[in-house]
Amino acid sequence: MRPRAVVAGGAGFIGFHFVSRLLDEGFDVVIVDNLATGTRRNVTELLAQNRCEFVEHDVCQPLGISGPVDYVINLACPASPADFSRIPVEIMRSCSEGTYNLLELALHKQAEFLHASTSEIYGDPEIHPQHEDYTGNVNIAGPRAVYDEGKRYAETLIHTYHRQFGIPVHIARIFNTYGPRMRPDDGRVISNFCVQALTGQPLTVYGDGRQTRCFCYVDDLVEGLFRLMTSEYAGPFNIGNSEEISVQQLAEKIIKLSGSSSQIEYQPLLHPDDPKRRQPALDRVKDALGFAPVTDLDTGIERTLEWFRQVIAHGRA
Ligand code: NAD
Ligand code: UDP
């Protein structure tokens, strides 16, 4: 019998790539998604491959899936900071009620549970780089907390299900990931900068641009997630790329790689508690899973620019 996975959030950016990988690995896949930030186009393309089903459903409501399920994978949550003030309650509910309903499904089916947590659980970190033992610095009253605290709650709930009911769980703390299939209007920095550069608009650097991030190409992330899911480890593990770059340098790089004549325009920070530095410590995931990213930033951005060129050419920007 082929293994069968339920992928909540499978219509989104990471979801598309992860479902593709599962199908390549011989899995049957059931995508569960309410299309809040995912696309029907992704679903249509995945359904065109055999062995994939789609259930349009909000994971905040209980869900029943007929037939055996070996893995429940929780990617279902809006992830762009632009959404933190647009749909804050929906984000908190996806993290809390959504994770609860998916854990109940895993318990009922005796399935393993893979969860997409985030570097945001470290908040605006006071230590650098961030290792998995760091408990974080989240401003619980700030606008980012809907996501940060939601994801922290989800991690605790997952550990609790593991301890109380013994279900096998795997938690990945994903650091900024980018690549083809990002939506042009997603609001995150790489999609914004690529679209702005390719359409001759100014690149909108928020704040002074000295804040840093480490960007992981999506194929590398998928490799890490797949290794974690098929391992015996609960984690949490950081999964990302440790190549650190400031937002200002990123803007300059994307202007250069796209051959754009766009200028840089400075705008206020979207949220006052925008993390100032972020970098994953990857020694633990490397030791346990042999995971290390292989795609450098220039290569990944070239591929992402190519995706956005096609999107713009087809009038979807
Ligand atoms: P995305 O917005 O493209 O994907 C999220 C998917 O979840 C979408 O298809 C959306 O429609 C679906 N969804 C949202 N709420 C739902 C609900 N209540 N019920 C059913 N479906 C719902 O974002 P992404 O970047 O692909 O992120 C996927 C997961 O990875 C998220 O959980 C996110 O928190 C996590 N993550 C992503 C990053 C990153 O850099 N991309 C970093 C850290 C964590
Ligand atoms: N950012 C920016 N311009 C944009 C979008 C984002 O300068 O058009 C900055 C943002 O303030 C943050 C960094 O880029 O410091 C990464 O933002 P993103 O929204 O991609 O993810 P985050 O790491 O904040 O979750």
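Key figures
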{"quantity": "Within segment 105-120, considering residues that are touching a helix residue (DSSP H, G or I) at 6+ places or on another chain (Cβ under 9 Å) and part of a helix (DSSP H, G or I), the one farthest from ligand 1 (Cβ to nearest atom)", "calculated": "LEU107"}
{"quantity": "Test result for VAL32, more than 16 Å from ligand 2 (Cβ to nearest atom), touching a residue at least 24 places away in the same chain (Cβ under 8 Å), farther than 21 Å from GLU104 by Cα and of a type in the set (Val, Ile, Thr)", "calculated": "no"}
{"quantity": "Unique residue being more than 14 Å from ligand 1 (Cβ to nearest atom), among the β-branched types (Val, Ile, Thr), within 29 Å of ASN42 (Cβ to Cβ) and assigned to a loop (DSSP other than H, G, I, E, B) when the list is THR299, THR295", "calculated": "THR295"}
{"quantity": "Odd one out for GLU25, checked against (1) surrounded by fewer than 24 Cβ atoms within 10 Å (Cβ to Cβ); (2) in contact with a Gly (Cβ under 7 Å, 6 or more places away or on another chain); (3) modelled with pLDDT of 95 or more", "calculated": "(2)"}
{"quantity": "Scope segment 267-277; condition open to solvent by 30 Å² or more (accessible area, probe 1.4 Å) and within 16 Å of ligand 1 (Cβ to nearest atom); matching residues", "calculated": "LEU270"}
{"quantity": "Neighbours by Cβ (under 7 Å, 6+ apart or cross-chain): first from segment 60-85, hydroxyl-bearing (Ser, Thr, Tyr); second open to solvent by less than 40 Å² (accessible area, probe 1.4 Å) and within 13 Å of ligand 2 (Cβ to nearest atom)", "calculated": "SER80/ASP186; SER80/GLY187"}
{"quantity": "Considering residues of segment 123-132 that are out of contact with any Lys or Arg (no Cβ under 8 Å at 6 or more places or on another chain) and more than 16 Å from ligand 2 (Cβ to nearest atom) only, the residue least open to solvent (accessible area, probe 1.4 Å)", "calculated": "ILE127"}
{"quantity": "Failed item in (1) acidic (Asp, Glu); (2) open to solvent by less than 70 Å² (accessible area, probe 1.4 Å); (3) more than 16 Å from the chain's Cα centre (by Cα), with ASP83 passing the rest", "calculated": "(3)"}
{"quantity": "Some residue of segment 50-58 being open to solvent by less than 50 Å² (accessible area, probe 1.4 Å), farther than 30 Å from VAL189 by Cβ and at pLDDT 95 or above", "calculated": "yes"}
{"quantity": "Leading residue by the ranking (most open to solvent (accessible area, probe 1.4 Å)) among those in segment 133-177 that are at pLDDT below 95 and of a type in the set (Gly, Ala, Ser)", "calculated": "ALA141"}
{"quantity": "Selection within segment 108-164 - touching a residue at least 24 places away in the same chain (Cβ under 8 Å), of a type in the set (S, T, N, Q) and under 19 Å from LEU228 (Cβ atoms)", "calculated": "SER117, THR118, SER119, GLN130"}
{"quantity": "Top-ranked residue of segment 268-296 - restricted to ones that are touching a residue at least 24 places away in the same chain (Cβ under 8 Å) and more than 23 Å from VAL247 (Cα to Cα), ranked as farthest from ligand 2 (Cβ to nearest atom)", "calculated": "GLY290"}
{"quantity": "Residue satisfying all of: in segment 298-317; within 21 Å of the chain's Cα centre (by Cα) and among the polar types (S, T, N, Q); most open to solvent (accessible area, probe 1.4 Å) among these", "calculated": "THR299"}
{"quantity": "Residue among GLY166, GLY136, GLY123, GLY142 that alone is out of contact with any helix residue (DSSP H, G or I) (no Cβ under 7 Å at 6 or more places or on another chain) and within 23 Å of SER80 (Cα to Cα)", "calculated": "GLY142"}
{"quantity": "Of all residues making up segment 71-92, the number that are of a type outside the set (Gly, Ala, Ser), over 13 Å from ALA154 (Cβ atoms) and in a loop (DSSP other than H, G, I, E, B)", "calculated": "2"}
{"quantity": "Output for segment 223-266, where each listed residue is within 24 Å of ALA111 (Cβ to Cβ), assigned to a helix (DSSP H, G or I) and open to solvent by 10 Å² or more (accessible area, probe 1.4 Å)", "calculated": "GLU223, PHE226, ARG227"}
{"quantity": "Filtered residues of segment 22-44 (kept if part of a helix (DSSP H, G or I) and either in contact with a Ser or Thr (Cβ under 9 Å, 6 or more places away or on another chain) or of a type in the set (Ser, Thr, Tyr) (or both))", "calculated": "THR44"}
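The values are calculated or read from the model by the stated rules, or taken from the named source; none is laboratory data. On a predicted model such as this, the values are computed, not experimentally measured, just so you know. So basically every Cβ, Gly included, is an ideal-geometry build from the backbone, and we count neighbours across all protein chains shown. Surface areas here come from the heavy atoms of the whole protein model, side chains and all, with no ligands, DNA or RNA. Shrake-Rupley method; radii C 1.70, N 1.55, O 1.52, S 1.80 Å.
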